[in-house]
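Accompanying notes for the structure given below.
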Amino acid sequence: MRKILVIGIGAGDPDHLTLQAVKALNEVDVFFILDKGEEKQDLVQLRRDILEQHVEQGSYRLVEARDPDRDRSTPAYSPAVGDWRRRRADICERLIREELTQDACGAFLVWGDPSLYDSTLAILEDILGRGTVEFDHSVVPGVSSVSALAARHRTGLNQVGKPVQITTGRRLAEGFPDGVEDVVVMLDAHQTFSRFADDDLHIYWGAYVGTPDEILVSGRLSDVADRIRTLRAEARERKGWIMDTYLLRRHSGQEPTGG
């Protein structure tokens, strides 16, 4: 039976790879890469660099396909994501069926950790549910952007005896969660933290964490919000895309220690 590995490759630093991930890379016959276009070719190149650095045998194949675009203009978020996932599943199903022989091992290299705001596992379950191609699959965890962000700012994600919540910018726009003093925000294209600049909050923000382009800012939100917006706009203009994550913390007397 075909075997599929879903391998977390970390937040951007090739050294984020775990020993388990390196061992898994060396089992793979075919690596599937979904290309997100010219603006993000450096993301594809980083995957190539990881393989060149960590795969001991050179007999593997790279199979690339164009990642379908998601409709970001519609206010109907869930249907748009569902449509995008179906089209992505169609592509992945074809790749597995046509590019992977029955006894071979294929792999998808996932940014960060496959369990955190990534669609690969759900897409593979969708493909298996169709019954058109059979395979076994397993997951290798990776260093997430969340853990990398906390490490770079030399802080924990939660305060003593208190919970932390991980959410999206879209959900944060509905209000700061009740009963939580630490909120990690991902997938925020609209800089939702700006809505809370008058609250007594600290922010630990990072973009391109783990890469040579890494940018870190921390401090009282009211003091650094404008700086983050400016840096973010400049970085997006320069690279054509941005991946950023941040932790919002209600003030508790603990001063930030990061950059």
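Can you give the relative contact order of segment 146-214 as a percent, counting alpha carbon pairs under 8 Å and 6+ residues apart? Please report the intermediate quantities before stating the final value.
Values: 62 pairs, mean separation 21.8, N = 69.
Relative contact order comes out at 32 percent.
At R0 = 35 Å, how high is the FRET efficiency between R229 and D67 if r is their beta carbon distance? Nearest 0.05 is fine. All intermediate terms of the calculation are to be shown ahead of the outcome.
Details: r = 28 Å, r/R0 = 0.80.
After rounding, the FRET efficiency stands at 0.80.
Which length gain, in nm to one decimal place, applies between V55 and R170 when the Cα-Cα distance is subtracted from 0.36 nm times their residue separation?
The V55-R170 span can extend by a further 37.5 nm.
Which value at 222 nm does the chain reach when only helices count, each DSSP H run of 4 or more adding -39,500 (n - 2.57), with the total divided by all residues and rounded to the nearest 500 deg cm²/dmol? Write out the running numbers ahead of the final one.
Numbers: 7 runs with 86 residues, N = 259.
One gets -10500 deg cm²/dmol as the mean residue ellipticity at 222 nm.
For E214 and D13 in the same chain, what is the full-extension length gain: residue separation times 0.36 nm, less their Cα-Cα distance, in nm? Show your work: numbers first, answer last.
Details: separation 201, 0.36 × 201 = 72.36 nm, distance 1.01 nm.
Here the answer is 71.3 nm.
What spacing in nm lies between the two simple spin-label points modelled at L187 and V22, each 7 Å away from Cα in the Cβ direction?
3.3
What ranking do 136-149, 171-184 get when scored by the average of other Cβ atoms within 10 Å per residue, highest first?
Details: 136-149: 20.6, 171-184: 15.0.
Answer by packing, highest mean first, reads 136-149, 171-184.
Kirkwood Rh, the chain, all Cα pairs: how many Å? If you can, show how the numbers build up before the last one.
Details: mean 1/r = 0.0507 Å⁻¹.
Radius from the Kirkwood sum: 19.7 Å.
Enter the angle in degrees (range 0 to 90, nearest 10) between the Cα long axis of helix 77-99 and the first principal axis of the Cα atoms of the chain, meaning the one along which they spread out most.
Helix 77-99 sits at roughly 30 degrees to that axis.
Rounded to the nearest 20 debye, what is the charge dipole size of segment 145-250 about its Cα centre when +1 sits on each Lys and Arg Cβ and -1 on each Asp and Glu Cβ? If you can, show how the numbers build up before the last one.
On the way: 15 positive and 15 negative charges, 45 e Å.
For this selection, approximately 220 debye.
Given H placed 1.01 Å from N in the peptide plane, which residues other than close sequence neighbours of R2 have an amide H under 5 Å from its amide H?
Here the answer is D136, since their amide H atoms fall under 5 Å of that of R2.
Dividing the Cα radius of gyration by the Kirkwood radius, what Rg/Rh value follows for segment 103-172? Mind dumping the intermediate values first?
Numbers: Rg = 16.5 Å, Rh = 15.0 Å.
That ratio equals 1.10.
Count charges around T120 for me, please; just the other residues with Cβ under 12 Å from its Cβ, Lys/Arg as +1, Asp/Glu as -1. The partial results should precede the final answer.
Details: positive: R85, R88; negative: D67, D113, D118, E125, D126.
Spelling it out: positives minus negatives among the neighbours equals -3.
Please give the length that would be gained between Q41 and D198 if that part of the chain were fully extended, namely 0.36 nm times their separation in residues minus their C-alpha to C-alpha distance (nm, one decimal).
Details: separation 157, 0.36 × 157 = 56.52 nm, distance 3.85 nm.
Working it through step by step, the gained length comes to 52.7 nm.
Explain nothing, just the number: relative contact order of the chain, from Cα pairs under 8 Å at least 6 residues apart, as a whole percent.
The value is 23 percent.
Below 11 angstrom from the Cβ of A104, what's the summed charge of the other residues (Lys, Arg +1; Asp, Glu -1)? Walk me through the numbers on the way to the answer.
Numbers: positive: R2, K3, R61; negative: E27, D29, E99, D103.
Net charge in that neighbourhood comes out at -1.
What list do you get for L43, L121 if you sort them by fewest beta carbons within 10 Å?
On the way: L43 18, L121 15.
Neighbour counts put them in this order, fewest first: L121, L43.
Mind listing the Cα extents of segment 145-250 along all three principal axes, in Å, largest one first?
Projected onto the principal axes, the Cα atoms of segment 145-250 cover 40, 26, 23 Å.
Can you list the equivalent-ellipsoid semi-axes of segment 2-140, largest first and in whole Å, using the square root of 5 times each Cα gyration tensor eigenvalue? Working shown, then result.
Values: eigenvalues 113, 71, 36 Å².
Ellipsoid semi-axes (Å, largest first): 24, 19, 14.
Where a number appears in this text, it was derived from the coordinates with a stated rule and is not lab data. Predicted model, so just to flag it, every value in this text is computed and none were measured. Here Cβ is always computed from backbone atoms with ideal geometry, including for glycine, and neighbour counts include all displayed protein chains.
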